[in-house]
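A.B. asks: Take this structure, written in structure tokens, and hold onto it; I'll ask about it next.
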Amino acid sequence: MNSTFRTSLLTVTAIATAYTLGKSFINPDTKSSITNSYSFTDADILSHWDIVKTKPLSPHNHKPAEYITGKFIAGKNYTYQKQQQTLNIEMRYFVDTNGNLKDFITSQTGELSTVLQEDDDRGSYGIYTHNDKAYLSACINPRGKSTVTSDEFNRNLMAYDTRLSNIVPWLLGQAEFRDKRCLWAHLSLPLNNNISVQDTHGNLETAWFDWYDYWQVNYPQQ
């Protein structure tokens with residue numbers, strides 16, 4: 001990078017910073033571009049399952065939402081069927097969160113390390129059995145991969161939110177510097193005597209991969 005280009009870049013950055021700071025003093029109520037409302041789609045997302053019904057989730061009548069920090073924006077329950085299996089998926093949209101699902105998962109399993117899994121393309125997720133059901137739980141991030149713990153969530157933030165392409169919109173007041181949003185996906189399948197636990201986990205993972213791929217492309221807009 002030559003000195004002329006470096007000087008120009010620093011000048012533009014300084015001007016944008018001054019503009020942003022000045023605007024924050026003049027109009028201090030303008031703090032966030034993240035919307036406080038969102039409606040989950042009713043679309044049939046999983047091609048290998050038949051959707052049966054959907055219904056909204058509130059933050060108060062579903063205990064799992066108590067385990068994650070942040071502001072609850074919206075939630076939806078999806079029920080799918082395939083042959084004799086019923087797949088239930090709970091989706092919750094949080095902003096200003098630390099993305100920590102560890103407390104929720106350990107409340108059901110007693111330990112996180114044995115249930116934490118990693119997919120090279122999509123990221124981390126927790127998969128386990130509890131009370132005659134198999135569960136898969138993860139936080140889908142706006143950028144990067146899925147996470148389960150607050151450490152993973154923050155590392156993902158540092159990896160993606162500090163890129164120049166994200167810093168410039170923040171300097172111009174067009175976006176949050178740290179996009180601390182999470183789509184918490186919580187999938188479950190009842191255990192079946194005719195299907196092994198391993199195969200049930202495999203079915204959950206296959207559904208999760210398709211579910212994750214859809215929401216990465218169709219993430220809520222800020």
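A.B. asks: When you check Tyr219 against the structure, is it over 11 Å from Ile89 (Cβ atoms), surrounded by 18 or more Cβ atoms within 10 Å (Cβ to Cβ) and in contact (Cβ under 8 Å) with a residue 40 or more places away in the chain, yes or no?
C.D. replies: On the way: over 11 Å from Ile89 (Cβ atoms): yes; surrounded by 18 or more Cβ atoms within 10 Å (Cβ to Cβ): no; in contact (Cβ under 8 Å) with a residue 40 or more places away in the chain: yes.
The answer is no for Tyr219.
A.B. asks: Hey, another quick one. Considering only region 56-115, how many residues are open to solvent by 60 Å² or more (accessible area, probe 1.4 Å) and at pLDDT 90 or above?
C.D. replies: Of all residues in region 56-115, those open to solvent by 60 Å² or more (accessible area, probe 1.4 Å) come to 56, 60-61, 63, 66-67, 69, 71, 81-84, 96, 102-103, 107, 110-111, 113-114.
With the extra rule that they be at pLDDT 90 or above, the set shrinks to 56, 71, 81-82, 96, 102-103, 107, 110-111, 113-114.
Residues flagged as open to solvent by 60 Å² or more (accessible area, probe 1.4 Å) and at pLDDT 90 or above within region 56-115 amount to 12.
A.B. asks: If I ask for residues that are touching a residue at least 12 places away in the same chain (Cβ under 8 Å) and either in contact with a strand residue (DSSP E or B) (Cβ under 6 Å, 6 or more places away or on another chain) or exposed (fewer than 13 other Cβ atoms within 10 Å of the Cβ) (or both), which ones from region 192-202 would you list?
C.D. replies: Asn194, Val197, Thr200, His201
A.B. asks: Which residue pairs have Cβ atoms under 7 Å apart, sit 6 or more places apart or on different chains, and have a first residue in region 42-64 that is closer than 19 Å to Val217 by Cβ and a second that is open to solvent by less than 80 Å² (accessible area, probe 1.4 Å) and modelled with pLDDT under 95?
C.D. replies: His48/Lys82; Trp49/Lys82
The values are calculated or read from the model by the stated rules, or taken from the named source; none is laboratory data. The shown structure was predicted, so the numbers you read here are calculated from the model rather than taken from an experiment. FYI the Cβ positions are ideal-geometry reconstructions off the backbone, even for glycines, and counts take in every protein chain you see. When the accessible area is computed, the model is the full protein with side chains, heavy atoms only, and any ligands, DNA or RNA have been set aside. Shrake-Rupley method; radii C 1.70, N 1.55, O 1.52, S 1.80 Å.
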